[in-house]
Amino acid sequence: MSRRHYLDAENFLVCAFSGPVDDAELMAHMESLIADERLRPGYRELADCRGISTPIGITGEGLRNVARRETASTLPKGGRLALVMDQDVTYGLGRMFSVFAEENRSEIRVFSALPEACAWLGVDPDLVLKHLD
C-alpha cells in the first residue's frame with residue numbers, strides 16, 4: 001500500500017509504502033504521480049520504503065517499466081528523489097531503480113535512514129515524520 005502527501009509551499013512530495021508491494025502497485029503509484037498537476041519542475045520527493053514487508057513482489061523488469069513510464073510521461077523532469085530502504089533486498093532494489101531512472105531526475109540516492117535522506121533533500125525530518133504518521 002502507498003500513500004502520499006504533497007507539500008505545495010515546499011514543492012516536496014512524501015510517499016510511504018507499507019505491507020507487501022509489487023510491480024503493479026509501483027506502476028499505479030507512478031500513474032498517480034503523472035496525474036498530479038501540483039508537481040512543478042525541480043520537485044523533491046522522499047519515498048519511505050521502510051514499511052515494505054516480505055515477500056517482496058517487486059522485480060527488476062517492473063522497476064524498469066516504471067522508469068520507462070516516467071520517462072515517457074509529462075511528469076516534470078529534474079529534482080531529487082531520496083529512497084529510504086531499511087532492508088538489504090529493498091536497498092538493492094532502490095539502487096537498481098536509481099540506475100533505470102537516472103535520466104528522469106537530477107539526482108537519485110538511496111538511504112538506509114530517514115534523517116540522512118531529509119538532510120540531503122534539505123527538508124526538516126520533523127515535517128516529514130508529521131506526514132508519515
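The values are calculated or read from the model by the stated rules, or taken from the named source; none is laboratory data. Because the structure is a prediction, the values reported are computed rather than measured. All Cβ positions, glycine included, derive from the backbone under ideal geometry; neighbour counts span all protein chains shown.
Tabulated values for the structure
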| quantity | calculated |
| --- | --- |
| Pick from the stretch 11-33, criterion more than 23 Å from Trp120 (Cα to Cα) and hydrophobic (A, V, I, L, M, F, W, C), ranking: surrounded by the fewest Cβ atoms within 10 Å (Cβ to Cβ) | Ala24 |
| In the stretch 44-77, the residues that are under 15 Å from Phe12 (Cα atoms), touching an Asp or Glu at 6+ places or on another chain (Cβ under 9 Å) and of a type outside the set (Lys, Arg) | Leu75 |
| Check on Gly92, at pLDDT 95 or above and of a type outside the set (D, E, K, R) | no |
| Single match in Asp36, Asp8, Asp86, Asp48 (criterion: touching a residue at least 60 places away in the same chain (Cβ under 8 Å) and closer than 23 Å to Gly122 by Cα) | Asp48 |
| Strands (runs of 3 or more DSSP E) wholly inside the stretch 44-133 containing at least 3 residues that are of a type in the set (D, E, K, R) and surrounded by 18 or more Cβ atoms within 10 Å (Cβ to Cβ) | 44-52 |
| Residue tally, condition closer than 20 Å to Arg50 by Cβ, of a type outside the set (S, T, N, Q) and modelled with pLDDT of 80 or more, over the stretch 1-26 | 13 |
| Sole residue being among the hydroxyl-bearing types (Ser, Thr, Tyr) and in contact with a Phe, Trp or Tyr (Cβ under 7 Å, 6 or more places away or on another chain), chosen from Ser98, Ser112 | Ser112 |
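Residue-by-condition table, conditions (1) farther than 23 Å from His131 by Cβ; (2) not hydrophobic (A, V, I, L, M, F, W, C):
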| residue | (1), (2) |
| --- | --- |
| Met30 | no, no |
| Ile52 | no, no |
| Gly62 | yes, yes |
| Ala72 | yes, no |
| Leu83 | no, no |
| Val99 | yes, no |
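So that you can scan it fast, the table gives a plain yes or no per residue for (1) among the hydrophobic types (A, V, I, L, M, F, W, C); (2) in contact with a helix residue (DSSP H, G or I) (Cβ under 7 Å, 6 or more places away or on another chain):
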site: Ser32; (1), (2): no, no
site: Asp36; (1), (2): no, no
site: Ile52; (1), (2): yes, yes
site: Glu103; (1), (2): no, yes
